[in-house]
Amino acid sequence: MLERMNHTMHEENRQGEAYAPFVNDPTAYNKKFYIESYGCQMNFSDSEIVASILNENGFGATRNFEEADLILINTCSIREKAEQTVRKRLSDLRTVKKNNPGALIGVLGCMAERLKAKFLEEEKLVDIVVGPDAYRALPGLIAEAETGQKAVNVLLSREETYADISPVRLDSNGVSGFVSIMRGCNNMCAFCVVPFTRGRERSRDPHSILKECTDLLNNGYKEVTLLGQNVDSYYWVPENIETGKPVNFANLLEMVALIDPSLRVRFSTSHPKDITDDVLYTMAKYENICNYIHLPVQSGSSRVLQLMNRTYTREWYMAKVDRIREIIPDCGISSDIIAGFCTETEEDHQDTLNIMRHSKYDMSYMFFYSERPGTLAARRYKDDVPEEVKKKRLDEIVKLQNALSRESNQHDVGKTFKVLIEGNSKKSDQDWMGRNSQNKVVVFPKENYPLNKGNYVMVKVYDCTGATLLGKIEP
Ligand code: SAH
Ligand code: SF4
Ligand code: F3S
């Protein structure tokens, strides 16, 4: 069984996929780097910062790891499976050293801190280990590794936001760009390794965020997604409180929406405890802020939610969903769900299925619980739900979500949506693929309309599958 079961496109569904950037003018640089990213969109976004730092230091990107002087893997620790994938990939890449003994291999990202000793000492196949807050040290570490030493920097920072670095867009569709607005997380959900791998939460200067979004717009992009582990707790305080005002997430959203009405704004992820009415009203006020919220529930049982340290109850979550629907009636809502957390009973599991029905999620990311060393849950609770039970419950959750997604899509048949074209559909270059405001994928024939990716078009939906709306351009 797959540990992770997705059924529509989302920023996280690239987990485990190779991610190799492309460079237009490789001759501009005297050395080549290859980078592969795993995990969430934050990691993909970080790889774009790393690419920028490397470009500045004479490294151009290549898609072919065999010709690279520097091979980097940006790693994820969120579940055990994610770590296993990276380990396997690292041993595959070891072959490069046979033909090119001078090539350096580096591990970046969330596994760096936890596994630094192991990578360097036991496995001897990694030359450089760099944690998510130490990317500025990369050129120095490369120089150190070139002299044959093992180079490590996994220090976490309370300030680093890479605010001044312009990311080099890697493998982007040129339509939709991701902009990091904060780093780290202060939440300490009991199951989660992120606060340990990425450190304390800090918000990025709004001016640098606006500049990055404006640059994307000027480069032809039509959509920005503001990224953070918990975007609703974004809070930036100016150095001089006399001359400037603090900026919260609702303020930031509005500022980004005002850059240009043709620039769509999305964001991820919202923690149910922190999303405010102000945010919802701001979404309702601006047409270009997409009506879509990723609102991970994790569990539908108040008892389990408390053990998870999510700080909301089942009732509180359901009231939040109702509030969203009240303020933004056509809002798309998606979720993350964990099956088989410590002590979960059949009754708790039924509560999860029920809350899914109540929330009518358009889409969910569903996982079974994977204990992570060092987390609150690993220290305090026993991982006591047998694997077959976890899998059975996950299976039921996935089946229910498939039915809910289908229902939600059927509900859209007959409606007309404004769709932003992202490119050709996967199946045919005669069809466009784009998304509506609710983040649903819409596929429709190009016919003879003079359209291109990055254009908006009105599309009427006449049919659907579980994951896609099928439409026709409304003349
Ligand atoms: N900051 C986001 C989540 C980031 S991790 C939020 O709070 O919603 C993405 C998802 O991975 C989580 O929402 C959770 O559903 C899942 N996850 C995290 N740790 C996990 C673990 N130990 N086992 C299984 N799933 C986990
Ligand atoms: Fe992990 Fe919770 Fe932070 Fe999300 S909010 S990154 S689940 S600790
Ligand atoms: Fe993975 Fe780190 Fe993201 S653990 S999910 S890459 S924050």
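The values are calculated or read from the model by the stated rules, or taken from the named source; none is laboratory data. Since this is a predicted model, take the numbers as computed values, not measurements. When we count neighbours, we look across all protein chains shown, and the Cβ atoms used for this are built from the backbone with ideal geometry, even at glycine. The area values use the complete protein model at the heavy-atom level, side chains included, leaving out ligands, DNA and RNA. Shrake-Rupley method; radii C 1.70, N 1.55, O 1.52, S 1.80 Å.
Take residue 261 and tell me if it is open to solvent by 10 Å² or more (accessible area, probe 1.4 Å), away from ligand 2 (no atom under 16 Å from the Cβ), out of contact with any Cys (no Cβ under 7 Å at 6 or more places or on another chain) and modelled with pLDDT of 95 or more.
Details: open to solvent by 10 Å² or more (accessible area, probe 1.4 Å): yes; away from ligand 2 (no atom under 16 Å from the Cβ): yes; out of contact with any Cys (no Cβ under 7 Å at 6 or more places or on another chain): yes; modelled with pLDDT of 95 or more: yes.
It is true that residue 261 is open to solvent by 10 Å² or more (accessible area, probe 1.4 Å), away from ligand 2 (no atom under 16 Å from the Cβ), out of contact with any Cys (no Cβ under 7 Å at 6 or more places or on another chain) and modelled with pLDDT of 95 or more.
Under 7 Å between Cβ atoms, which residue pairs at least 6 apart in sequence (or on different chains) link something in region 191-214 that is free of Cβ contacts under 8 Å to residues at least 60 places away in the same chain with a partner that is within 16 Å of ligand 3 (Cβ to nearest atom) and in a helix (DSSP H, G or I)?
Listed by first residue and then by second, the contacts come to 201/233.
Could you run through region 220-251 and say how many residues are out of contact with any Phe, Trp or Tyr (no Cβ under 9 Å at 6 or more places or on another chain), assigned to a loop (DSSP other than H, G, I, E, B) and touching a residue at least 40 places away in the same chain (Cβ under 8 Å)?
4
Working carefully through the options 361, 312, find the one that is farther than 30 Å from residue 418 by Cα and outside any helix (DSSP H, G or I).
On the way: 361 fails: farther than 30 Å from residue 418 by Cα.
That would be 312, the only listed residue that is farther than 30 Å from residue 418 by Cα and outside any helix (DSSP H, G or I).
Do any residues in region 294-305 that are assigned by TED's automatic domain parsing to the domain that holds residue 400 and open to solvent by 10 Å² or more (accessible area, probe 1.4 Å) have Cβ atoms under 6 Å from those of residues that are in a loop (DSSP other than H, G, I, E, B) and within 14 Å of ligand 2 (Cβ to nearest atom), where the two are at least six apart or on different chains, and which pairs are they?
If the second residue must be in a loop (DSSP other than H, G, I, E, B) and within 14 Å of ligand 2 (Cβ to nearest atom), the pairs left are 298/308; 298/310.
Tell me which residues, restricted to region 272-291, are open to solvent by 10 Å² or more (accessible area, probe 1.4 Å) and either within 15 Å of ligand 1 (Cβ to nearest atom) or among the acidic types (Asp, Glu) (or both).
273, 274, 277, 278, 287 - these are the residues of region 272-291 that are open to solvent by 10 Å² or more (accessible area, probe 1.4 Å) and either within 15 Å of ligand 1 (Cβ to nearest atom) or among the acidic types (Asp, Glu) (or both).
Which residue is nearest to residue 268 (Cα to Cα), if the candidates are limited to region 42-66 and must be in a strand (DSSP E or B) and among the hydrophobic types (A, V, I, L, M, F, W, C)?
61
Enumerate the pairs (first residue in region 60-71 and under 13 Å from residue 29 (Cα atoms) and in contact (Cβ under 8 Å) with a residue 40 or more places away in the chain; second residue anywhere and open to solvent by 10 Å² or more (accessible area, probe 1.4 Å) and of a type in the set (Lys, Arg)) with beta-carbon separation below 6 Å, excluding pairs fewer than 6 apart on the same chain, so at least 6 apart or on different chains.
62/32
Condition (residue is within 15 Å of ligand 1 (Cβ to nearest atom) and buried (at least 21 other Cβ atoms within 10 Å of the Cβ)) applied to region 395-413: is it met by at least one residue? Spell out the reasoning first.
Of region 395-413, the ones within 15 Å of ligand 1 (Cβ to nearest atom) are 397-398, 401.
Next, only the ones that are buried (at least 21 other Cβ atoms within 10 Å of the Cβ) stay: 397, 401.
Yes, there is a match, as at least one residue in region 395-413 is within 15 Å of ligand 1 (Cβ to nearest atom) and buried (at least 21 other Cβ atoms within 10 Å of the Cβ).
Okay, residues lined up against (1) among the small types (Gly, Ala, Ser); (2) within 30 Å of residue 422 (Cα to Cα); (3) surrounded by 17 or more Cβ atoms within 10 Å (Cβ to Cβ); (4) away from ligand 2 (no atom under 11 Å from the Cβ):
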residue	(1), (2), (3), (4)
150	no, no, no, yes
153	no, no, yes, yes
159	no, no, no, yes
168	no, yes, yes, yes
172	yes, yes, yes, yes
178	no, yes, yes, yes
186	no, no, no, no
195	no, no, yes, no
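Determine whether region 83-90 contains at least one residue that is touching a residue at least 24 places away in the same chain (Cβ under 8 Å), touching a helix residue (DSSP H, G or I) at 6+ places or on another chain (Cβ under 8 Å), open to solvent by 10 Å² or more (accessible area, probe 1.4 Å) and not in a strand (DSSP E or B).
Yes, region 83-90 has at least one match.
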